[in-house]
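The values are calculated or read from the model by the stated rules, or taken from the named source; none is laboratory data. What you see is a predicted model; the values in this text were computed from it and never measured. Here the Cβ positions follow ideal geometry from the backbone for every residue, glycine too, while neighbour counts run over all protein chains shown.
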């Protein structure tokens with residue numbers, strides 16, 4: 001029997017992260033989003049809280065939690081600021097998790113502890129110009145063996161956490177032979193590795209996202225992550241987990257819309273009464289609550305299947321598809337409740353309106369999710 005009840009430890013943890021989100025992240029969110037500034041101080045505090053080590057064992061610098069606990073943190077952070085939420089999601093799911101999942105013990109010892117403690121950040125260099133969802137077919141980055149080194153040439157784009165002062169490594173995918181993709185860990189101080197200025201994005205303004213260039217980058221063969229030719233398979237596994245995490249982040253956005261709308265509708269008066277007294281407004285907010293609860297059940301069910309060792313690819317896609325599309329709707333409807341004030345980024349719902357759309361794109365578009373679900377149904 002599936003139970004969505006949190007353990008006492010998980011509920012206590014959720015409250016701790018919620019307090020941190022409300023007391024530390026929320027008051028600073030408007031400033032660092034307006035400035036497009038990566039919130040180093042806040043990210044370091046998250047590291048001190050153990051948030052970057054939630055899914056890793058203590059022997060590798062983690063805290064020995066589970067994937068649901070990680071998603072609870074994403075939901076609570078995403079409830080007040082999506083940039084901070086995606087920084088944690090990418091730092092753990094894309095930066096550190098591949099090292100833990102596919103690395104040797106020596107590689108884990110070398111790179112994982114500082115990532116799990118939040119002292120450093122890692123990224124995952126997959127997407128390339130013109131690639132989009134056709135990752136394998138569009139990858140032009142090449143790695144050629146030269147003695148005991150890989151020599152890598154190529155360009156990656158839209159890479160999260162790739163150019164911050166905390167970034168230490170980027171795992172890049174490269175073609176090492178025709179039809180053969182391999183993942184290789186590249187320290188960012190390697191000669192030939194460079195990153196462009198941050199993108200001017202519609203949303204996620206305080207999240208670091210850049211284009212990367214690898215020009216004759218040489219790294220030892222022992223930087224290869226997992227078997228040669230296993231890069232594409234590793235990437236698919238990484239995205240299955242990431243879709244659950246993005247769903248949790250989307251639920252945070254929807255829940256944030258609910259809370260902000262309940263507060264504002266009770267305070268804002270029009271025609272002599274709070275706008276909450278109007279069914280047109282109250283029903284909008286009721287629909288937001290339905291979206292939040294339904295989406296939450298979906299990602300928690302996918303989490304449960306993952307933790308039980310059951311297949312969860314379809315459930316991860318369902319959770320990601322539904323919750324991300326509901327997040328876009330929630331942000332739009334919340335902006336409508338706020339009226340003109342909702343169209344300013346001085347309000348949380350205004351920032352959510354900017355941030356929501358990327359949830360339908362990152363870690364697999366809505367179209368890809370529908371394709372995966374259809375294939376899993378045998379269509």
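Here are 148, 134: which of them is more than 14 Å from residue 94 (Cα to Cα) and at pLDDT 95 or above?
148
Going by the conditions given, is residue 18 farther than 26 Å from residue 112 by Cβ and in contact with a helix residue (DSSP H, G or I) (Cβ under 7 Å, 6 or more places away or on another chain)?
Against the criterion (farther than 26 Å from residue 112 by Cβ and in contact with a helix residue (DSSP H, G or I) (Cβ under 7 Å, 6 or more places away or on another chain)), residue 18 qualifies.
Which pairs have Cβ atoms under 8 Å, sit 6 or more apart or on different chains, and link a residue in segment 306-332 that is in the same structural domain as residue 284 (by TED's automatic domain parsing) and at positive phi to one that is crowded, with 24+ Cβ neighbours inside 10 Å and not in a helix (DSSP H, G or I)?
none
Please specify each residue of segment 188-217 satisfying the condition of being in contact with a strand residue (DSSP E or B) (Cβ under 8 Å, 6 or more places away or on another chain), more than 30 Å from residue 354 (Cα to Cα) and surrounded by fewer than 15 Cβ atoms within 10 Å (Cβ to Cβ).
Answer for segment 188-217, where residues must be in contact with a strand residue (DSSP E or B) (Cβ under 8 Å, 6 or more places away or on another chain), more than 30 Å from residue 354 (Cα to Cα) and surrounded by fewer than 15 Cβ atoms within 10 Å (Cβ to Cβ): 191, 215, 216.
Please specify each residue of segment 29-48 satisfying the condition of being surrounded by fewer than 16 Cβ atoms within 10 Å (Cβ to Cβ) and part of a helix (DSSP H, G or I).
31, 34, 35, 40, 41, 44, 45, 48
In segment 102-118, what residues are in a helix (DSSP H, G or I) and surrounded by 14 or more Cβ atoms within 10 Å (Cβ to Cβ)?
102, 107, 108, 110, 111, 112, 113, 114, 115, 116
Inside segment 171-184, can you point out the residues that are surrounded by fewer than 24 Cβ atoms within 10 Å (Cβ to Cβ) and touching a helix residue (DSSP H, G or I) at 6+ places or on another chain (Cβ under 6 Å)?
Those that are surrounded by fewer than 24 Cβ atoms within 10 Å (Cβ to Cβ) and touching a helix residue (DSSP H, G or I) at 6+ places or on another chain (Cβ under 6 Å): 181, 182.
State which residue pairs qualify: first residue assigned by TED's automatic domain parsing to the domain that holds residue 298 and inside segment 60-78, second residue assigned to a helix (DSSP H, G or I) in any location, beta carbons under 9 Å apart, and separation of 6 or more residues or different chains.
Every condition considered, no pair remains.
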